[in-house]
Amino acid sequence: MSTHERNLDPQIARALHELLDGREPAEADIQPLTGDVRACIDALIDALHTDGLTAVKKAFIALSIDRPWLSRLASSDIDTEISQKPTRRIRFLPDSEFENRPPRQWLIPAILPKSGIAMVFGPPGCGKSFLTMAWALCIASGTSWLGHPVTQGPVAYIAGEGSFGLGPRIKAWKAHHRFTGESGVRWFDETIMLQDASNLNELITAFAQDFPEPPVMIVIDTLSRCSGGADENSNTEMAKVIASADILQQHYHCAVLIVHHAGKDKDRGPRGASSLIGNTETIIEVAPTDEGCRVICYKQKDAPKFDPISLKLQPVHYGSDEDDHSAVLVIGTESARVVMSKSEAVMYAALQGKQLSYSEWVQAGIGEDGKVISKPSAQRAIRKLIESGRVQRVGKLYSHLPTSTSEDEDPFSDE
């Protein structure tokens with residue numbers, strides 16, 4: 001770039017940010033541009049008009065190969081670098097702009113949306129990282145996930161809880177699927193502070209330089225290790241973390257999948273502040289079972305919840321040495337016993353041998369004086385029992401579903 005062109009960095013950066021967000025830049029930003037810079041911007045505008053955002057990103061990648069300044073400006077912090085002349089971000093649109101938008105797209109149909117912030121949560125050791133790693137590897141490689149088709153694209157996986165288990169799990173997945181070569185996932189095995197501006201800018205730079213194409217999914221595993229010790233119970237602090245995830249999601253028009261822990265009260269969902277639930281579009285619970293886990297849709301905004309999926313952990317020996325082993329999640333049996341919380345156990349027992357209406361069931365669980373469990377806990381437990389397939393509703397009455405659990409087995413044990 002010439003000295004004249006470098007002086008126009010703010011306008012160039014603004015134009016690139018607009019184009020990579022799928023919008024045509026303002027004429028005031030592109031009018032002063034000349035030479036190779038103007039040619040690049042015009043090529044990106046032509047791509048936008050021809051085939052939309054996908055074409056823009058492909059053209060940008062091709063142009064950036066021998067023009068490193070393009071990537072630098074595209075990944076720059078627009079809030080600080082071009083603050084002299086802020087672009088207008090707020091644009092009000094007519095009905096038709098929303099009526100003509102395509103329907104929701106999915107990375108995994110009905111399970112994981114193509115765009116938005118999603119969360120997977122569960123207690124330690126329940127298999128949630130096995131699940132998210134399998135999703136990442138399937139999406140990046142174009143491999144169907146347990147019979148579900150996927151939308152293929154690069155995946156960025158931030159493994160903040162350490163790298164010791166990554167290699168064996170990747171090898172086990174590849175051995176199970178008879179897959180060789182690179183999957184298309186790119187891994188980072190250290191912690192970051194999402195809410196820190198310098199960390200976020202460095203992350204965007206890394207995506208621009210390490211990925212031939214922008215990622216279609218960014219996995220943050222786990223929230224605790226990637227939030228720099230922020231208070232998970234503080235709505236203010238968690239809102240900052242989610243805001244950073246939202247910046248990534250909007251910048252790449254991708255899915256950001258956050259792995260998180262369950263709270264001490266299993267009935268209350270993800271651990272920490274309520275903003276974590278309110279500010280995510282999709283929330284998926286991973287509940288431990290005897291043979292593996294059960295994947296339950298806790299929240300699916302603007303779409304129906306998918307039915308619970310029972311999975312089992314299957315050992316995989318991928319090498320010649322005795323220690324060359326790990327595991328993968330495969331389809332389990334529908335009779336897999338879900339480990340119940342105390343509240344679920346109380347409500348399940350209250351229904352034993354009975355057919356009760358909703359209000360009768362709640363009252364039977366909380367007792368006459370309401371000292372067994374609270375009414376909100378009883379209501380949450382009922383929802384969990386219904387979702388897990390332990391009870392059925394016929395008309396207005398609820399009753400137990402037949403189970404294969406033997407009479408001498410404790411179905412409420414956490415062991």
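All of the numbers you see were taken from the coordinates with simple rules; none came from a lab. Here the structure is a predicted model, which means the values were calculated and not measured. All Cβ positions, even for glycine, are placed from backbone atoms using ideal geometry, and neighbour counts span all protein chains on display.
Details
- Taking the number of Cβ atoms within 10 Å of each Cβ as an exposure proxy, the fewest-first ranking of Phe188, Phe207 is Phe188, Phe207.
- Relative contact order [Cα under 8 Å, 6+ residues apart], the chain, whole percent: 14
- Net length available on complete extension from His49 to Phe92 is 13.4 nm, with 0.36 nm assigned per residue and the Cα-Cα distance removed.
- Charge dipole (the chain, unit charges on Cβ, about Cα centre) - positive-most of Ala159, Val372, Pro308: Val372
- Each principal axis of the stretch 167-319 carries a Cα extent, and these read 45, 42, 31 Å when sorted largest first.
- Here the gap between Ser144 and Arg268, fully extended at 0.36 nm per residue and compared with their Cα-Cα distance, gives a gain of 41.4 nm.
- Cβ charges +1 (Lys, Arg) and -1 (Asp, Glu), total dipole of the chain, debye: 960
- Sorted ascending by nearby beta carbons within 10 Å, beginning with the fewest, Arg91, Arg14 become Arg91, Arg14.
- Pairwise centroid distance, computed over Cα atoms, of the stretch 177-191 with the stretch 105-165, Å: 12
- Rg over Rh, two decimals, the chain (C-alpha only, Kirkwood Rh): 1.04
- Within the stretch 260-280: backbone nitrogen closer than 12 Å to the Asn235 label point (7 Å, Cα to C-beta): 273-279
- Förster radius 45 Å - calculated FRET efficiency between Ala39 and Arg101 (Cβ-Cβ, nearest 0.05): 0.90
- Applying 1/(1 + (r/R0)^6) with R0 = 25 Å to the Cβ-Cβ distance of Gln363 and Thr333 gives a FRET efficiency near 0.15.
- Note on the stretch 106-331: Lys pairs 8 or more places apart or on different chains, Cα atoms under 16 Å apart, count 6.
- Here Val346, Val330, Val394 are placed in order of increasing Cβ neighbour count within 10 Å, fewest first, which gives Val394, Val330, Val346.
- In this simple spin-label approximation, Ser374 and Ile386 carry label points 7 Å from Cα along the Cα→Cβ vector, and these lie 2.1 nm apart.
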